[in-house]
Every structure is written in C-alpha cells, then in structure tokens.
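Peer 1: Next up is a structure, given as structure tokens.
The values are calculated or read from the model by the stated rules, or taken from the named source; none is laboratory data. The structure displayed is predicted, hence computed values, not measured ones. Note: ideal-geometry Cβ built from the backbone for every residue, glycine included; neighbour counts use all protein chains shown. What goes into the accessible areas is simple: the full protein's heavy atoms, side chains included, and nothing from ligands, DNA or RNA. Shrake-Rupley method; radii C 1.70, N 1.55, O 1.52, S 1.80 Å.
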Amino acid sequence: TLKTNIGNDSFDSCMMNASGVWCSTVDELEALVKSKAATFVTKTATLAPREGNPLPRVHHFGPNSINSSGLPNEGIDYYLAALANFEATHPNRAFFLSVTELAEDQIETIMQRVHQSDYHGLVELNLSCPNVIGKPQVGYDFETTARILDRTFSYFDQPLGVKLPPYFDVSHFDQMAEILNRYPLTYVNSINSIGNGLVIEQDAVTIAPKQGYGGLGGAMIKQTALANVRAFYTRLKSDIAIIGTGGVTSGRDVFEHLLCGASMVQVGTALLQEGPAIFARLEEELKAIMDEYGYTSIDDFKGKLKNT
Ligand code: DHB
C-alpha cells in the first residue's frame, strides 16, 4: 500500500501534482481527481485573478523546465468555489488550496478570506514564487517569514503548510527550521523551483519575461530537492510532515524523496510533460522497488535513509 497521512488527512497514494502544474482550471483539477494522483493542490491563488507574464513563459529542455509564469490564476474565489464542489462530490477526500499575495498585508487579507470561507481543508502558503517582477522570494527573508507566520497563526486554525524555496547553506537550513518549529504547521513543502536560472538556445534566451530569467524545474533539481527534504526532516518537530517536490520523473525518484523523509511527493515538470497518466506509471515503478526491498508500506522506509 502507498497510503500516507498529512496531519489528520489520509491519502490512498503518496504522489500528487506540484502547484502550478495541471491545476489552474476546474477541468485540469478534475483530470487529477480522476487520475491515480493522491489528491491535488491548486494553482497558487491571489485575491484578484492575474494574467501572468508575457508569453512564451515556459520552456522545456530535456527532462527539465524553466518558467516565469508570474502567478497567472483565476483568483481566490474561483478556487474556493471549485473546492466546495470537489468536497461535495468527494466527501471522503482531502485537497490542498495554494495561496499567496505580493505584499505582507495582502497575505494577511487572503489568509483571512480563506479563514472566513466555507473551506476548512489543507492550505499551502507559497513563500517562494521567483517570478513576480520586483518581488523577492519571501522564503529567503527569514524575518519577514517569521512575521507572516506570527500574524497568520494568531487566528488561522485550519491545517497549514508552507512552500519553501531551495536553500543551499547549512546555516540557512538551521535558521529556517528554528523559525518553522515555533509554529503549529501541518507540513513543509520543499522545494519550489530553483529561482532565476537562464536557459539559452542558439544565441538567445528561451522565455520572454525578465530577460529570460526563470525558475528551474525537472530532473536537474532533484539533488537539491532531496537535500532540502532531508534537512527539514532531520530538523523539524516530528508533527510537521514533509512534502517532497523536485526532480521526480520515476518511481525511483519518489522512493528517494520518501527515504529522505517525505510523507507525500509532488510532481511538476514531468507531469507537465507526460500528463496525469504519469501517476499510474510512478505508482507501478514505486511498488516494484518496494517489492524488491520487501517493503509493504511507506512507513517501512520513510525517513530511513542510511549513512555510509
Ligand atoms: C510561479 C512559478 C514558479 O516556479 C513558482 O514556483 C511559483 C509561481 C509563477 O510564476 O506563477
């Protein structure tokens, strides 16, 4: 069995989409619900709908991608309405709503909106979008992150996780984990795309916004993702679950995220490239690896990465 839990919610599988991929419209979310994915997380919603950055804003190269989408989304009311419908038609399933805003007081406004809505399920606060012009990734500002969490947890009482950017220094793992451990977070999701890469073809950049700079995803970010998952798994209180995101293209990659301590694994670039049928393939591949090792459940090996 691939069953797993995040907080008080149970899931029949341990794989789902990463926010931004296959989750912007009700039709896309419906396709995920019908697939072998455990559940879905919505595109990150903002208070008002956004068109996002100019096209082309996503480029694929091999099993990788670069994007500077700029948070195109239908607005929070659209996703709250969609979730109300999915919850009504699937009363035994839990879903994830992703949200953010571009300024601290606006983050408070959108969190209050969710708090006061009829949606009481899982919420993911995206602290790591690299693509809004002039707006730094909040997760790289430790003081601001702590202040946002202070304000949010003064009233917010539904299960909350944060989506973090990748960190590359042990002191940053330590500092961010110390902050996160102060709060009753349900989970931490590592990693968002590696921000502000540059992909060149012929003699030109490959995407239009920001002179070609964009967030990197796909196979090339797996090792950074695993390091972040492991770093937070070994530092956070045991009641904060880890969602592992980054570089998953095979069942073996899912297995490695789980070994590092992830309770759920998200798929972005590869889902965009293969479509929701990818979840059936990943499931088969993961089950084959578990059979080989004699594992019958995720808990048999979750977090149990060995040292040499
Ligand atoms: C967007 C892109 C990302 O890679 C991300 O992590 C979050 C948001 C975006 O531009 O919409």
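Peer 1: When you look at residue 299, is it within 17 Å of residue 244 (Cα to Cα), open to solvent by 70 Å² or more (accessible area, probe 1.4 Å) and either free of Cβ contacts under 8 Å to residues at least 24 places away in the same chain or in contact with a His (Cβ under 7 Å, 6 or more places away or on another chain) (or both), yes or no?
Peer 2: When the stated conditions are applied, residue 299 passes them.
Peer 1: If the Cβ limit is 7 Å and pairs must be 6+ apart or interchain, which residue in the range 167-194 that is free of Cβ contacts under 8 Å to residues at least 60 places away in the same chain and under 19 Å from residue 246 (Cβ atoms) pairs with which residue that is of a type in the set (A, V, I, L, M) and part of a loop (DSSP other than H, G, I, E, B)?
Peer 2: Partner pairs satisfying both residue conditions: 177/236; 188/236; 188/240.
Peer 1: Given the residues 75, 70, which is the only one that is open to solvent by less than 60 Å² (accessible area, probe 1.4 Å), modelled with pLDDT of 95 or more and in contact with an Asp or Glu (Cβ under 9 Å, 6 or more places away or on another chain)?
Peer 2: Of the residues listed, the single one that is open to solvent by less than 60 Å² (accessible area, probe 1.4 Å), modelled with pLDDT of 95 or more and in contact with an Asp or Glu (Cβ under 9 Å, 6 or more places away or on another chain) is 70.
Peer 1: Sort out for me the strands (runs of 3 or more DSSP E) sitting completely within the range 38-137 that have 1 or more residues that are within 13 Å of the ligand (Cβ to nearest atom), touching a helix residue (DSSP H, G or I) at 6+ places or on another chain (Cβ under 8 Å) and in contact (Cβ under 8 Å) with a residue 40 or more places away in the chain.
Peer 2: Where strands (runs of 3 or more DSSP E) fall fully within the range 38-137 and carry at least 1 residues being within 13 Å of the ligand (Cβ to nearest atom), touching a helix residue (DSSP H, G or I) at 6+ places or on another chain (Cβ under 8 Å) and in contact (Cβ under 8 Å) with a residue 40 or more places away in the chain, they are 58-61, 64-67, 96-99.
Peer 1: So, of the residues in the range 146-186 that are in a loop (DSSP other than H, G, I, E, B) and touching a Pro at 6+ places or on another chain (Cβ under 8 Å), which turns out to be most open to solvent (accessible area, probe 1.4 Å)?
Peer 2: Looking at the filtered set, the residue picked out is 186.
Peer 1: Scan the range 118-145 for residues that are buried (at least 17 other Cβ atoms within 10 Å of the Cβ) and closer than 20 Å to residue 186 by Cα and jot them down.
Peer 2: 119, 121, 122, 123, 124, 125, 126, 127, 128, 138, 139, 145
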